[in-house]
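Taking it in order: structure first as structure tokens, then the write-up.
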Amino acid sequence: MTTRNDLTLEDKINAIKLNEAGLTYRKLRDKFNIAIGAISNVIKRRAEYMSDYENNLNKIVKRETSHDSELHPLLAEFQSKLI
């Protein structure tokens, strides 16, 4: 199983600019070490990422993490009632 490789916002903008300059999805895949489908999704969401970048959102954020720390105590309590 391969590991997940998330791109930062800066990496996504860089991939978009390289694609506009003529790099193919396969070359971008090799450069960023992600799946072609992920490259395709970045290119499809170009407008969203460009807007985020221009609005100076945090450029090193990769992806939102889940809030399991809040959910875990509730699940533990629920499971204890089932037993």
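What the table below lists for this structure:
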{"read-out": "Residues that are part of a loop (DSSP other than H, G, I, E, B) and either among the acidic types (D, E) or touching a helix residue (DSSP H, G or I) at 6+ places or on another chain (Cβ under 9 Å) (or both), drawn from the range 9-31", "value": "L23"}
{"read-out": "Top-ranked residue of the range 41-72 - restricted to ones that are in a loop (DSSP other than H, G, I, E, B) and at pLDDT 75 or above, ranked as farthest from D11 (Cα to Cα)", "value": "N55"}
{"read-out": "Which numbered condition A38 misses (of (1) in contact with an Asp or Glu (Cβ under 6 Å, 6 or more places away or on another chain); (2) at pLDDT 90 or above)", "value": "(1)"}
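The values are calculated or read from the model by the stated rules, or taken from the named source; none is laboratory data. Keep in mind it's a predicted model, so treat the numbers as computed, not measured. Ideal geometry is used to build each Cβ from the backbone, glycine not excepted, and the neighbour counts take in all protein chains shown.
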